[in-house]
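First comes the structure, then the notes that go with it.
Read-outs: derived from the displayed coordinates by stated rules, not from any lab. From a predicted model like this one, the values you see are computed outputs, not experimental measurements. Cβ sites come from the backbone with ideal geometry, for glycine too, and all protein chains shown count toward neighbours.
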Amino acid sequence: MTCPYSEPNCASDIATDSARCLCGRAVKRCAYCGTRNRAFANYCRACGIALPASIANWSGYRGGPRRLGVHDAPFTSECVTRPVDLRLRLGDQCRSLLGHDGHVIAISSSGVVEIADPMRARSVCRFQAQGPMTAEPCISGGTLYLAARGQVSAYALAAMTLETPRVRPLWQVPLSGTPIHALTPAGDRLYVTVASADWREVHVIEHERARLLHAAPKVSWIAADSEGSRAVFFAEEDGRVTLHAVGEQVAAQTVALPSLRDHPIALLGNTIFGIFGDAQRLYRIDAATGGIEEPLDEDTQFFALTHDGDEWDRDSVCIDSRGILFSRARVRDSFAQHERASRGSPVIVQGCAVAVGMEDGRVFVYDIAQLPRHEIWRLGDAPITALASFDAYIVAGNKEGIVEVRELLAKGGAQ
């Protein structure tokens, strides 16, 4: 079988389970026929079978459409980190970080997009999209979706792995307003929240056309399930909060919750997690009925959740005004008076580590096996503005546009 990247001196004769070709590039193996395919491919080049996305990807803000803040690929041993010889300079604030098929995708606020391969420590493609970026991007089906004022654009990622990368939008959909929050893929649909001066609208993009789903003075972030069959969001008008669930049909029901907060909600199975009210309490909510299943901690600023399948395993990491709380271990690490966690935190690498970006330019990497012990990783003095974890990596970006990568290694495996 020839190299999927058509390298003339590479025969692609590698172990069945290898994630790399002999030329060093990332490959995706077809589970049906065993053929190796290039990164970001949607279908096998030999048999045409669809290639599913890896659970090791970080496909959107907080990890993906469920917004759990957890990297699902299992790590079962105690971990340490090692610097990777890759440092990107975007030129202005790092707005977002994604990880897909062995590559990190870094996006700046002005619209610079850079794709790099941490294992080969090299940049693969860099281009300027229309900016500024006003909503968090996402990847779905090998396509990168970007949002700027008045539009959403789609780019094919596979074409960017060519020897001469090909960069051009697949399509651009105009919107009458500014996209905010995060783009949310669900099956063949892409959900986007659009803001005007005093109004918020939820649109769905299908077949390169946008249609309005709902409008209200206040709308929450959107979350979607892993199967892509349902998306959920909350709206608030005249002091009343309603839950909207969108699948084959749209269902709306009033819920007994206080006012919305501007923080991502999370969807896990049939349960929604979200922060509501002036007390900033985290709630667990039935996604089918809108009933409050459990009020959790007050003063919650950021949170991330682990899970067992589609069920919450009762473990979480919450950041409040005092510090960070690891719920299962019942361990708290208090921050100093001047220390503040930054957006995107925390990121859980299940069974291994928790990463927290700080406003002073540091990243704390906690060892789950020995809490609250942690490494300190400093990118500089500028605030951390984006965090992600994919494959065996943690990636951080800061306000100055510096992006660095750390590799996770089992203790004893670091050199």
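Using the average count of surrounding beta-carbon atoms within 10 Å as a protection proxy, the listed peptides 127-137, 371-381 rank, highest first, as 127-137, 371-381.
Taking the mean number of other Cβ atoms within 10 Å as a proxy for protection, how do you rank 156-166, 59-69 from highest to lowest?
Going from most to least packed, we get 59-69, 156-166.
Would the chain count as rounded, prolate or oblate if I go by the C-alpha gyration tensor, calling it rounded below 1.5 in a/c and otherwise prolate when a/b exceeds b/c, oblate otherwise?
Verdict is oblate for the chain.
Using +1 on the beta carbon of Lys and Arg, -1 on that of Asp and Glu, and nothing else charged, what's the dipole of segment 275-367 about the Cα centre, debye to 20? Rounded to the nearest 20 debye, it is 300 debye. Based on C-alpha pairs under 8 angstrom that are at least 6 apart in sequence, the chain has a relative contact order of 15 percent.
Taken about its Cα centre, segment 296-415 carries a charge dipole of about 320 debye when Lys and Arg each add +1 at the Cβ and Asp and Glu each add -1 at the Cβ. Pull out a ≥ b ≥ c, the square roots of the eigenvalues of the alpha-carbon gyration tensor of segment 278-334, then state rounded if a/c is under 1.5, prolate if not and a/b is larger than b/c, and oblate in the remaining case. Judged from the Cα gyration tensor, segment 278-334 comes out oblate (a/c at least 1.5, b/c at or above a/b). Using only side-chain charges placed at the Cβ, +1 for Lys and Arg and -1 for Asp and Glu, the dipole size of the chain relative to its Cα centre rounds to 1080 debye.
Taking other Cβ within 10 Å of each residue's Cβ, how do Trp312, Trp58, Trp171 sort, fewest first? Intermediate results must be reported in sequence, preceding the final value.
Values: Trp312 20, Trp58 27, Trp171 13.
Sorted ascending by nearby Cβ count, the order is Trp171, Trp312, Trp58.
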